[in-house]
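Undergrad: Take a look at this one; I'll ask things after.
Derivation of every value follows stated rules applied to the coordinates shown; laboratory data play no part. Nothing here was measured: the structure is a model prediction, and the numbers come from that model. Heads up, the Cβs are rebuilt from the backbone with ideal geometry, glycines too, and the neighbour counts pull from every protein chain shown.
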Amino acid sequence: MNQLTAKRKNAACRSWRCCHRPGTTLLDVAIGSMMLSVILIPSLHLMSRSQKNNRRLKLHQTLLFEADQLVEQTKIALSDSNEFDRVWRSPFANETLTKIDLGDGPVVLGSVRIQRNSDVISNGLVDIDATVWFDANSNGRVDSGEPVEQARTQWAAP
């Protein structure tokens, strides 16, 4: 009787296996796809937003670096006493517009404005104001919505 019972159990197990395979059901697939869409889509959105912010931050860092470079170049030029005297005697502000090529990046514009400081009565103090911006519409002016960075300093007579 033990052999007969064992044969029936084996036959029952075989028939049960053929009807119920150890795979996934349609409900399992549907739940898995819903979980992926709930988790994956927002995370991809956050990743793309992070990449945009990273590109914008890199552009502003580059613009600020170029503004600082313009200030330093202007200081070097004003170290010559003849150049400083020419700027100091001018009743109007001297402004120069420069096109800056960043190599692999976009072309940006830089403007340096040098004018006599009228706040302090002195023998020679000028304000240096450097502005660098990404001129999206190529009109040569800083417009609202264009990325811009500015650096200012003062320079005394050599």
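Undergrad: Of PHE65, PRO106, SER37, which is farthest on the positive side of the dipole of the stretch 36-106, counting Cα position, with +1 on Lys and Arg Cβ, -1 on Asp and Glu Cβ, and the Cα centre as origin?
TA: It is SER37, whose Cα lies furthest towards the positive end.
Undergrad: Between VAL107 and VAL29, what is the label-to-label distance in nm when each label sits 7 Å out along the Cα-to-Cβ direction?
TA: 5.6 nm
Undergrad: Follow-up question, since we're still on this one. Given a Förster radius of 25 Å and the C-beta distance between ARG89 and SER138 as r, what FRET efficiency does 1/(1 + (r/R0)^6) yield to the nearest 0.05? Kindly include the intermediate steps, with their values, before the conclusion.
TA: Numbers: r = 35 Å, r/R0 = 1.39.
Efficiency, rounded to the nearest 0.05: 0.10.
Undergrad: Can you run phi through the Karplus equation (6.51, -1.76, 1.60; θ = phi - 60°) for the stretch 75-82 and list ³J(HN,Hα) in whole Hz, with x for Gly and Pro?
TA: Calculated HN-Hα couplings, in order: 4, 5, 5, 7, 5, 6, 5, 5 Hz.
Undergrad: Moving to a separate point now. In debye, nearest 20: dipole of the stretch 89-141 around its Cα centre with unit charges on the Cβ of K, R (+) and D, E (-)? Don't jump to the answer; show the numbers that get you there.
TA: Working: 5 positive and 7 negative charges, 48 e Å.
Its charge dipole is roughly 240 debye.
Undergrad: Please list 3J(HN,Hα) in residue order for the stretch 33-44, calculated via the Karplus relation 6.51 cos²θ - 1.76 cosθ + 1.60 where θ = phi - 60°; whole Hz, with x for glycine and proline.
TA: Values per residue, Gly and Pro as x: 5, 5, 5, 5, 5, 6, 8, 6, 5, x, 5, 5 Hz.
Undergrad: If you place +1 on the Cβ of every Lys and Arg, -1 on the Cβ of every Asp and Glu, and leave all else neutral, what size is the dipole of the stretch 15-136 about its Cα centre, to the nearest 20 Debye? Before the final figure, lay out the partial values.
TA: Values: 13 positive and 14 negative charges, 198 e Å.
Its charge dipole is roughly 960 debye.
Undergrad: A follow-up question, please. Shape call for the stretch 51-124 from the C-alpha gyration tensor, a ≥ b ≥ c root eigenvalues: rounded (a/c under 1.5), prolate (a/b greater than b/c) or oblate?
TA: Working: a/c = 3.07, a/b = 2.45, b/c = 1.25.
It is prolate, given that a/c is not under 1.5 and a/b is the larger ratio.
Undergrad: Further question: Taking R0 as 30 Å, what FRET efficiency do you get between LEU40 and GLU146 from their Cβ-Cβ distance, rounded to the nearest 0.05?
TA: Working: r = 35 Å, r/R0 = 1.17.
That pair, LEU40 with GLU146, gives E of 0.30.
Undergrad: Output ³J(HN,Hα) for the stretch 137-146: one whole-Hz value per residue in order, computed from phi by the Karplus curve 6.51 cos²θ - 1.76 cosθ + 1.60 with θ = phi - 60°, and x for Gly and Pro.
TA: Going residue by residue, I get 9, 6, 9, x, 10, 7, 10, 5, x, 8 Hz, with x marking Gly and Pro.
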